[in-house]
1. Enter the accessible area per residue of the chain (Å², integer; probe 1.4 Å; all protein chains in place).
2. Pull up all non-local amide H partners of residue 233: gap of 5 or more, or a different chain, and H-to-H distance under 5 Å with H placed in the peptide plane.
3. When DSSP beta bridges are limited to those with both residues in the chain, what percentage is antiparallel, rounded to the nearest 5?
4. Select from 206, 216, 36 the residue farthest towards the positive end of the dipole of the chain; place +1 on Cβ of Lys and Arg, -1 on Cβ of Asp and Glu, and compute about the Cα centre.
5. Pick from 39, 214, 168 the residue whose mean-square fluctuation is largest in a GNM of the chain, springs joining Cα atoms under 10 Å.
6. Of all accessible surface on the chain at a 1.4 Å probe, what whole percent is carbon and sulfur?
7. Which value at 222 nm does the chain reach when only helices count, each DSSP H run of 4 or more adding -39,500 (n - 2.57), with the total divided by all residues and rounded to the nearest 500 deg cm²/dmol?
8. Using the crude model of +1 on Lys and Arg Cβ and -1 on Asp and Glu Cβ, and no other charge, please compute the dipole size for the range 20-78 relative to its Cα centre, in debye to 20.
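The values are calculated or read from the model by the stated rules, or taken from the named source; none is laboratory data. Keep in mind that this is a model prediction, so the values were computed, not measured. Cβ placement follows ideal geometry from the backbone for every residue including glycine, while neighbour counts extend to all protein chains displayed. Just so you know, the surface numbers come from the protein's heavy atoms only, side chains and all, with ligands and any DNA or RNA stripped out. Shrake-Rupley method; radii C 1.70, N 1.55, O 1.52, S 1.80 Å.
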Amino acid sequence: VEELQRADQQRRNLTADVAHELRTPLQIIQGNLEGVLDEVYEPTPEHLSATLDETRGLARLVDDLRTLSLAESGELSLVRERCNARELLEDVCTSFSGQAEAAGITLSAKTVADSEALTITADVGRLNQVLGNLVSNALRHTPTGGSVTLRVGPADDAVRITVSDTGEGIAAEDLPFVFDRFWRSDRSRSKLGGAGSGLGLAIVRQLVQAHGGEISVWSKPGQGTTFTIDLPSTAPNSLKKEA
């Protein structure tokens, strides 16, 4: 009975959260279109572009909700292949190098083992999504002159990936909630990417778990934040050593 009550409450909370997230962009779209129809302002490219941006935000929210729903139900399709975790980190650093440079932040990737010891079987696209979310979030909350560092190395039977920054950090009372859906805090890292749907870290956790992995977070205000991901290693046993 308690489990059913808990599930019902989660469903109610999710419905309320989704309604809240949809309300603001829909109100903006409606207001912009009504303003054009009532000739309050001209349908300039600026007004139309703002309206289009809101529709894109809604599309991202719908995509995030679908991904999260499939992952939580165990129905998310993963295209698994053998890959090297070091190469994943290097690709992500390359993708965000321009953004980091523009923000005056040092972005780097470090490896603490031979490449063969970092072999995993995973959906490369989904792991890129995971790392991209974490790096984007780290850059968002790291001031100019700071750094974001990705590290990868073996840990027992796992490949351990960390994403660390020298940013503002997260308050201790907020840490237990950072992976919750739609959770918000001005001091937290719950807004990821441009959409700010509050689903980014929830999706990250579900994607990591879908790979049979685990994710955790350490942070202190003013001392930065580190996300740690452990993924099952497919390297030969002789190469599986703790980092």
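1. So the chain comes to 54 Å² accessible per residue, rounded to a whole number.
2. Residues meeting the amide H criterion: 158, 159.
3. 80 percent
4. Comparing the listed Cα positions along the dipole, 216 ranks first.
5. 39
6. Percent of accessible area from carbon and sulfur atoms in the chain: 49.
7. Helix-only estimate at 222 nm: -16000 deg cm²/dmol.
8. 220 debye
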